[in-house]
Amino acid sequence: MTQPPQQPDSASPPTDTAKDARAREALGWLHTARFLTTAAQLNQLPDHTVPEIAFVGRSNAGKSTAINTLTQKNQLAYASKRPGRTQHINLFALGRQGQTDAVLTDLPGYGYAAVPQDDKRRWQQVMANYLVHRENLAGIVMMCDPRHGLKELDEILLEVIRPRVEEGMKFLILLTKADKLTRSDQAKALSIAKLQAGGGDVKLFSALKRQGLEDAALWLRELVESHVPPEAPSEESSETPPE
Ligand SMILES: Nc1nc2c(ncn2[C@@H]2O[C@H](COP(=O)(O)OP(=O)(O)OP(=O)(O)O)[C@@H](O)[C@H]2O)c(=O)[nH]1
Ligand SMILES: [Mg+2]
């Protein structure tokens with residue numbers, strides 16, 4: 001006897017959840033990433049109002065690799081086994097149909113011992129100025145290798161951005177290279193980092209295993225969708241209006 005065609009069971013959970021669809025949309029949006037520009041100092045940064053999201057963290061933490069994985073573009077940001085590879089602020093535009101609706105910035109890592117003291121200081125200053133004063137900075141993703149935990153320079157950076165986070169700027173700690181930890185060490189690292197995050201979110205991430213990819217993509221997408229641009233300066237004409 002032939003079986004009647006199966007009716008969808010309304011009690012069973014949907015196979016394609018709304019979250020999956022949102023994550024696919026977010027990853028598709030990230031895949032529109034293209035190189036925008038590179039800046040050695042702040043006055044070389046483009047003047048735009050779209051929300052910017054900065055990837056910060058110690059040298060070798062995996063910032064450039066995370067950007068490449070999230071955008072599914074292997075050569076976009078320069079990743080390398082040798083620490084200290086990213087030496088400028090690199091900006092990548094996001095948005096469909098050639099429109100830019102957000103920008104990701106890949107910042108040089110800090111804490112790399114082989115960099116001369118003066119260069120280190122100069123960069124720390126540039127970075128602090130960028131994080132504190134960049135008006136359209138809407139979010140910060142701090143990459144941290146959970147095998148080392150948050151180090152002194154990470155803590156200093158958290159202090160630097162604290163006033164902006166208190167004003168509502170979004171902040172995420174991504175625990176990178178999660179593939180190097182066992183499940184139970186991942187869980188431990190997550191709870192420790194949550195205690196240290198001071199109001200920020202914390203997520204596990206592995207570029208190698210693509211772990212946490214969808215969650216990170218959703219975080220970025222939701223940040224951009226909820227971003228309220230800073231008020232534009234009032235357009236007062238220098239000419240006297242007609243009487
Ligand atoms: N196992 C593993 N290795 C990773 C992962 N992400 C990055 N790496 C490796 O870590 C090294 C450093 O990665 P980068 O992305 O260049 O690190 P970065 O933070 O951009 O470094 P700087 O530009 O020096 O600040 C590379 O050898 C990557 O292949 C990961 O999720 N898992
Ligand atoms: Mg890099």
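To the nearest 20 debye, what is the magnitude of the charge dipole of the range 178-220 about its Cα centre, counting +1 on the Cβ of each Lys and Arg and -1 on the Cβ of each Asp and Glu?
So the dipole magnitude of the range 178-220 works out to roughly 140 debye.
Can you give me the relative contact order of the chain as a percent, contacts being Cα pairs under 8 Å and 6 or more apart? Working shown, then result.
Details: 368 pairs, mean separation 51.7, N = 243.
Answer for the chain is 21 percent.
Take the alpha-carbon centre of the range 146-173, take the same for the range 66-112, and report the distance between them in whole Å.
About 19 Å separates the Cα centre of the range 146-173 from the one of the range 66-112.
Projected onto the charge dipole of the range 68-203 (+1 at Lys/Arg Cβ, -1 at Asp/Glu Cβ, origin at the Cα centre), which of Ala128, Asn68, Ile89 gives the Cα projection farthest towards the positive end?
Asn68
Among the complete DSSP H segments of the chain, which ones combine at least 15 Å of alpha-carbon extent along their axis with a mean Kyte-Doolittle hydropathy of 0.0 or more? If you can, show how the numbers build up before the last one.
Numbers: long enough: 18-30 (18 Å, -0.49); 117-133 (24 Å, -1.38); 152-166 (21 Å, 0.05); 183-196 (20 Å, -0.49); 213-226 (20 Å, 0.20).
What comes out of the filter, once short or polar helices are dropped, is 152-166, 213-226.
Kirkwood Rh over alpha-carbon pairs of the range 70-169, then Stokes-Einstein at 25 °C and 0.890 mPa s: what D in µm² s⁻¹, rounded to an integer?
Diffusion coefficient, whole number: 160 µm²/s.
Nearest 20 debye, what's the magnitude of the dipole of the range 22-226 about its Cα centre given +1 on Lys and Arg Cβ and -1 on Asp and Glu Cβ?
Working: 28 positive and 22 negative charges, 170 e Å.
Using Cβ point charges on Lys, Arg, Asp and Glu, the range 22-226 gives about 820 debye.
Could you list Thr32, Thr182, Thr105 so that the one with the fewest beta carbons within 10 Å of its beta carbon is first and the one with the most is last?
Listing Thr32, Thr182, Thr105 from fewest to most nearby Cβ atoms yields Thr182, Thr32, Thr105.
Given the range 22-226, what whole percent of its Cα pairs are spread farther than 23 Å?
40 percent
Mind putting a number on the dipole of the range 110-209 about its Cα centre? Charges go on the C-beta only, +1 for Lys and Arg and -1 for Asp and Glu, and I need it in Debye to the nearest 20.
About 360 debye.
Dividing the convex hull volume of the Cα atoms of the range 19-97 by its residue count, what figure in Å³ per residue is obtained?
With only Cα atoms used, the range 19-97 gives 113 Å³ per residue.
Quick one: work out Rg over Rh on the C-alpha atoms of the range 140-229, Rh as Kirkwood radius.
We get a ratio of 0.97 for the range 140-229.
Only the coordinates and a few stated rules stand behind these numbers; no lab work does. Computed from a predicted structure; not experimentally measured. In this analysis, Cβ positions are derived from the backbone assuming ideal geometry, glycine residues included, and neighbour counts consider all displayed protein chains.
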